[in-house]
1. Just name the residue that is surrounded by the fewest Cβ atoms within 10 Å (Cβ to Cβ) out of those in the stretch 27-79 that are part of a loop (DSSP other than H, G, I, E, B) and within 27 Å of the chain's Cα centre (by Cα).
2. What number of residues within the stretch 1-26 are at pLDDT 90 or above, exposed (fewer than 13 other Cβ atoms within 10 Å of the Cβ) and under 14 Å from the mean Cα position of the chain (by Cα)?
3. List the pairs whose first member sits in the stretch 45-56 and is of a type in the set (A, V, I, L, M, F, W, C), whose second member is loosely packed, with under 10 Cβ neighbours inside 10 Å, and whose Cβ atoms are under 8 Å apart, counting only residues at least 6 apart or on separate chains?
Amino acid sequence: MHPQLSDRKSVCQEFIEALERCHATGWNRMTGACNTKKDALNGCLRSERIARSTSNREMAKEKRQKTDQALKEFRALES
């Protein structure tokens, strides 16, 4: 299952369009003829999600370090 794709400007736009074209051609959706296109889309979305998660993790680490440093400075002022 993938997220709603209609309102996203995604790196995977060509995969989305290919899957939509495949689904528009009759029985392909029902017979599994679009499975390779769907697998390619899922792979693209997964790699995009992993990159976004990695970036978010790094930003959170930096933010946590700044917070810890500010807390150390605050505790030093209290003493």
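The values are calculated or read from the model by the stated rules, or taken from the named source; none is laboratory data. Model, not experiment: these values are computed from the prediction. Cβ atoms come from the backbone with ideal geometry, glycine included; neighbour counts cover every protein chain shown.
1. Looking at residues that are part of a loop (DSSP other than H, G, I, E, B) and within 27 Å of the chain's Cα centre (by Cα), I get GLY32.
2. So the count comes out to 1.
3. The qualifying pairs are LEU45/PRO3.
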